[in-house]
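Below is one structure, written out as structure tokens, with a few remarks after it.
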Amino acid sequence: MNEEQPIIEAGPPTLNHVIGQQRAVRQLRTALDAHFNDRMSGNSQALPHLLFVGPPGVGKSLLSQIIARELGSTLHEELAQNLSSPSQLHGLLMMANEGDVIFLDETHELKPVVMTSLYRALEERKLFLGGERHSIFLPSITVIGATTDEWQLSKPLRDRFKITLRLEHYSSVELEHLVSQRAKRLGWPIDEDAVNAIAFRGRGTPRLAIRLLEATHRTARADNADSITPVHVDRMCDIEGIDTMGLDSTEQKYLHLVREAQGPVRLNVLATQLGLPRRTIEGVIESELIRLGLVTKSEEGRMLTGIGAAHVAGLSSL
């Protein structure tokens, strides 16, 4: 099978096959069962609008695809950043037919005026084109919003999503199971120790673990090996610049900069030295390093924890 095959094609076909996110899956199963029972009773309304909240890479997109599949509906996917005006939002909503599902990723990135148009559309099932007198009715559809920060959504918009599902990072056991099952679906023999090594570096994030699995498979195939082993994991990490905790080169550089400062480091200093926007450092790099217990921050700046200092010392000794 092609190693570049999209993840969704090798993913779970139904909610019953989803690994992890047990609470969210129970919520979805309850909502779907209620929807199907209502439909049997003659109620043709769509599944209520849903909001997925959680860190990147834990399955928001995949769950939206599964929901559409369970409903037998067409899924329309769009990044919120691509909807810069109400007219672009209207174009997306007008593409949908009765019963369709619209997945709007990174919903918090919508501009305030677009958020207003969206919550009015969800509330009234209408699009207002050039004022109150020019409106069109929308078909009965389900909108799924996904966000890493629900509090950046306006309260009126947040309230229009009737079901909120909170997704979490995976446990080590869940991630090992996911890596093992993904390799099995793709027909890639893999040693148990290699599964554990990949899952550990996946840091509780399925998207990262699967990417590391695919990179390790490429390494094994470059050696013409029949099975993925821990040796291939180590070689992949060396090629990709991944350390023992699964941190990439930018995250490692961040840690080294904080260590070399020998005291609290301001965000603007890190942004200058890394060549990255402050928002990217705070929202992507730091949030993960803090979650892993490697970094702490205060009004004075950023510092390594004991765990972070020990990890950087270990990297320096390699």
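Close amide H contacts of Thr74 (hydrogens built in the peptide plane, cut-off under 5 Å, sequence separation of 5 or more or a different chain): Val101. Name the residue from Val195, Thr205, Thr229 whose Cα lies farthest towards the positive end of the charge dipole of the stretch 172-240, charges +1 on Cβ of Lys and Arg and -1 on Cβ of Asp and Glu. It is Thr205, whose Cα lies furthest towards the positive end. The angle between the Cα long axis of helix 60-71 and the main principal axis of the chain comes to about 40°, on a 0 to 90 degree scale. Residue-wise HN-Hα couplings along the stretch 294-301, as the Karplus relation 6.51 cos²θ - 1.76 cosθ + 1.60 with θ = phi - 60° gives them from phi, are 9, 9, 10, 9, 9, 5, 6, x Hz; Gly and Pro carry x. To test your reading of the geometry: what angle, between 0 and 90 degrees and rounded to tens, separates the Cα axis of helix 206-222 from the longest principal axis of the chain? Long axis of 206-222 versus the principal axis of the chain: about 50 degrees. Shape index of the chain: Rg/Rh, with Rg the Cα radius of gyration and Rh the Kirkwood radius from the inverse mean 1/r over Cα pairs, equals 1.02.
In the frame of its principal axes, the stretch 88-143 has Cα extents of 31, 27, 18 Å, reported largest first. Taking a straight line from the alpha carbon of Lys126, these aspartates and glutamates sit under 19 Å away, with near neighbours fewer than eight places off in the same chain left out: Glu98, Asp100, Asp159. Calculated on C-alpha atoms, the gyration radius of the stretch 21-166 divided by its Kirkwood radius gives an Rg/Rh of 0.95.
By DSSP, the beta bridges lying fully in the chain are antiparallel in about 30 percent of cases. Work through the residues other than Val195 whose Cβ is under 13 Å from its Cβ and net out their charges, Lys, Arg +1 and Asp, Glu -1. Once positives and negatives cancel, what remains is -2.
Relative to the longest principal axis of the Cα atoms of the chain, helix 86-95 runs at roughly 80 degrees. Peptides 54-67, 157-170 ranked from most to least packed give 54-67, 157-170, packing being the mean of other C-beta atoms within 10 angstrom over each peptide's residues. Residue-wise HN-Hα couplings along the stretch 136-149, as the Karplus relation 6.51 cos²θ - 1.76 cosθ + 1.60 with θ = phi - 60° gives them from phi, are 10, 7, 9, x, 6, 10, 10, 9, 10, x, 10, 8, 8, 8 Hz; Gly and Pro carry x.
FYI, it's all coordinate maths here, none of it is from the lab. Note that the coordinates shown come from a computational prediction; the quantities given were computed from them, not determined experimentally. When we count neighbours, we look across all protein chains shown, and the Cβ atoms used for this are built from the backbone with ideal geometry, even at glycine.
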